[in-house]
DNA sequence: TGACATTAGTCACCAGTTGTGACTAATTCG
DNA sequence: CGAATTAGTCACAACTGGTGACTAATGTCA
């Protein structure tokens, strides 16, 4: 067996780091010299025996300059599609960066709106697409939207974030009613005046325990 | 680079194969001589460049004697927990076997009810647990329950399967109403008399297109 | 200064969905 | 025959979610 320190795993971890830029979802890409200046998702081949999530967090941290606000594994991919490393398999992660995070200076990283992603290695393209799907999917399972916002925010900002992530418009009254029922936020005593219009009250994320939502049977899959 | 034919991947694929046995979820374990007769999930180290799902299906096929009724990837695990192979990572899959599938003769495989699983390698235990969670989770996204039943079945049987998989009782009228709304089954002209009581009509799985269920906003996660 | 545009926040109604108990139907058993 | 058993349906009450219209508080500009 080779020397432990030098030994690298034979798989890569690839992270799709997302955030909101100008009311659009955007992904962080890097331009690596090793790849003839082509764009790609941040990735690495971890050392052995490191927990996968730790490695993924480190990759995100290095690319952003700060810790990611959220992280989840997508799964492993090993189709024939090519990957920058000649790795057998890649394990994809999705991650969120807080609103307004600039990529670290140096010019190697940049945000690209999802509607305008340049060419990246095919396997990474698949990871990115799955990542966006998983994110949408996790929206009603984890407080994803709050991770993107600053610690206090107006309800309109929160609603906009939900609309952005879900990709559809929500009705104001319905949104607030659902929020109320979920006991997820509490008002602060501050208000913010945003140019014209009535000032909005600021809220903070403050989840409280509740009965675990015993909903009925739903057979809603597209067969 | 080593010879291609002989080369094995440095990761394993581990499959949690589930079915219903006597109104309980059960998992298929095998006893391998290489592991001092301990029980474990079926697993293998695939050759390079094989699609993961294909390998997983082959593992299930070999363990069951027949093709699995359903298969889905859980994700990759690489915590410190031990695995029979000294592999860096394992990629877990869940799979379903049709109701009443006997394990192949030879005495190396057996079904164990989930309430009574013997000791298996820790990493596989984690895979099994995640698999059951994922299965429950996929219930309202894919026609999982139908895969376990024979091609025709009574609505009571279908309901029992749902109750088994979801782990909770359902009200008869609600269940049938939801089934109606989902256009998932159609009646055959056969009836089955099951001892005492009124005979039940047999149905078959026959999904039809419908509008893609535009449900409202739900903030239902346990924060 | 006062009408108006603009954004925040609330309300009440209606339509649809879901939980539930009670009902009818068809069979076996004694 | 009647009781027990299982299948299948119905109707009503309670709840949920979509929606338009309303009030509130601010800035803008004539």
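Readers should treat all values here as calculations from the given coordinates under stated rules, not as data from a laboratory. Predicted model, so just to flag it, every value in this text is computed and none were measured. No Cβ is skipped: glycine too gets one built from the backbone with ideal geometry, and neighbour counts run over all protein chains shown.
Relative to the longest principal axis of the Cα atoms of chain A, the long axis of helix A:155-166 lies at roughly 40 degrees.
Shielding value for A:143-150 is 1, the average number of Cβ atoms from other chains within 10 Å of each residue's Cβ. Listed from fewest to most Cβ neighbours within 10 Å, the set B:32, B:63, A:174 follows the order A:174, B:32, B:63.
Averaging sequence separations of C-alpha pairs under 8 Å and six or more residues apart, then dividing by the length of chain B, give the relative contact order as a whole percent. For chain B, the relative contact order is 19 percent.
May I ask for the equivalent-ellipsoid semi-axes of the stretch A:8-77, computed as the square root of five times each C-alpha gyration tensor eigenvalue and listed largest first in whole Å?
Square roots of five times the eigenvalues give 21, 16, 11 Å.
The eigenvalues of the Cα gyration tensor, multiplied by 5 and square-rooted, give chain B an equivalent ellipsoid with semi-axes of 35, 21, 17 Å from largest to smallest. Per residue, the convex hull spanned by the Cα atoms of the stretch B:139-180 measures out at 72 cubic angstrom.
If both residues of a DSSP beta bridge must be in chain B, then about 80% of such bridges are antiparallel.
Entry note, chain A: the mean residue ellipticity at 222 nm calculated from DSSP H runs of n ≥ 4, each adding -39500 (n - 2.57), is -8000 deg cm²/dmol after division by the residues and rounding to the nearest 500.
Considering the stretch B:15-133 at the alpha-carbon level, its Rg and Dmax are found to be 13.2, 39 Å.
Once a ≥ b ≥ c are taken as the square roots of the eigenvalues of the Cα gyration tensor of the protein assembly as shown, is the result rounded (a/c under 1.5), prolate (a/b larger than b/c) or oblate (a/b not larger than b/c)? Because a/c hits 1.5 or more and a/b fails to exceed b/c, the protein assembly as shown counts as oblate.
Shielding of B:69-79 by partners, i.e. mean partner chain Cβ atoms within 10 Å per residue? Please list the in-between numbers first.
Numbers: counts 0, 0, 0, 1, 4, 3, 8, 12, 4, 13, 6.
Average per residue, whole number: 5.
Using a cut-off of under 19 Å, list every residue of the stretch B:147-161 whose amide N is near the label point 7 Å from the Cα of residue B:191 along the Cα-to-beta-carbon line. Inside the label zone: B:152-158.
Peptide A:159-168 has a mean shielding of 1, counted as Cβ atoms of other protein chains within 10 Å of each residue's Cβ. Computed packing ranks the peptides B:179-185, B:54-60, B:110-116 as B:54-60, B:179-185, B:110-116, most packed first, by mean other Cβ atoms within 10 Å.
Roughly how tilted is helix B:122-138, in degrees to the nearest 10 and between 0 and 90, from the longest Cα axis of chain B? In chain B, helix B:122-138 runs at an angle near 30 degrees to the longest axis. Please tell me the relative contact order of the stretch B:59-190 in percent, rounded to the nearest whole number, where contacts are Cα pairs under 8 Å and at least six residues apart. Relative contact order comes out at 23 percent.
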